[in-house]
Amino acid sequence: MALFDRTSRRVTLTPVGRRLREDLQQALDLLHEGLARAEAAGPGAGQTLRLGVFGHAGHELRPLTDVFRARYPGSDVQLNEINGSAPFTALRTGDNDVNVLWLPVAEPDLTVGPTVLTGGRVLAVSADHPLAERGTASLEDLADDHVVDLGPDAPEYWVASMVPSRSPSGRRIPRGPIARTFHEILSLVASGQCVHPLGEIAARYNNPPGIVFLPMPDAPALQWALTWRSTADRPVIRALAQTAADLGPISL
């Protein structure tokens, strides 16, 4: 029974070899899960894991946190709100153990774990904005207005994945005024000083007067993943990551 097909230039798996690899991978995954549970039941047992989230994302993460608590009795999750102006600060100071951040995250000191949420984008505009009557918005529309400037502590590559610096046709998208928190963004939008793209979860849980949330069908879907400081990796964090990997991403 051959597991490999060999030539002078390459080695490939036979159908039997591919099946064996798949079977062994399943066994390996179960082993890793068992080890994570054992570790979490040891040094991590009874610990409260501080999880940073944007706005109302904690509500959508209930399936994850509920399963985690059931799997690891005595462990708990405390939700801490974060904002886009300082997405990594609470991890680096140790105030949070894990943050749920939109991707990509390309920080050399941070580990990116499983994706936990996926969803589209909306554009927040004032109720008297011309786009409000149209009922929809596109990435190209951003170049006709201003979007919020999240400040110097949010890396440009990360901000641009939510709020691009140029429209699809190449036009520059003006930034400013500065806002640090979600509610500051809404205040600026309501006053007509800017428009701003947000995850569609914002429209699900918010209905502020003077603001309309418009779907952006041409904007790529967003993904949020567990992210933690690599040097602060602990069994309880790995247990949460394994739980998230088992459940798969939650669609908003």
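Taking the residues in segment 195-232 that are out of contact with any His (no Cβ under 6 Å at 6 or more places or on another chain) and aromatic (Phe, Trp, Tyr) as candidates, determine which candidate is nearest to Asp246 (Cα to Cα). Among residues in segment 195-232 that are out of contact with any His (no Cβ under 6 Å at 6 or more places or on another chain) and aromatic (Phe, Trp, Tyr), the one nearest to Asp246 (Cα to Cα) is Trp224. The condition of being polar (S, T, N, Q) and under 24 Å from Thr89 (Cα atoms) holds for only one of Thr243, Thr181, that being Thr181.
Determine whether Ser138 is outside the structural domain of Phe88 (by TED's automatic domain parsing), free of Cβ contacts under 8 Å to residues at least 12 places away in the same chain and polar (S, T, N, Q). Taking the combined requirement at face value, the residue does not satisfy it. Is at least one residue of segment 115-138 touching a strand residue (DSSP E or B) at 6+ places or on another chain (Cβ under 8 Å), farther than 29 Å from Arg172 by Cα, of a type in the set (A, V, I, L, M, F, W, C) and modelled with pLDDT of 95 or more? Yes.
For segment 103-124, the criterion of being surrounded by 16 or more Cβ atoms within 10 Å (Cβ to Cβ), over 19 Å from Phe54 (Cα atoms) and over 19 Å from the mean Cα position of the chain (by Cα) is met by none of the residues. Residues in segment 159-180: is at least one basic (Lys, Arg), in contact (Cβ under 8 Å) with a residue 60 or more places away in the chain and not in a loop (DSSP other than H, G, I, E, B)? No, every residue in segment 159-180 fails to be basic (Lys, Arg), in contact (Cβ under 8 Å) with a residue 60 or more places away in the chain and not in a loop (DSSP other than H, G, I, E, B).
The values are calculated or read from the model by the stated rules, or taken from the named source; none is laboratory data. This is a predicted model, so every value here is computed, not measured. Note that we place each Cβ from the backbone using ideal geometry, even for glycine, and neighbour counts take in every protein chain shown.
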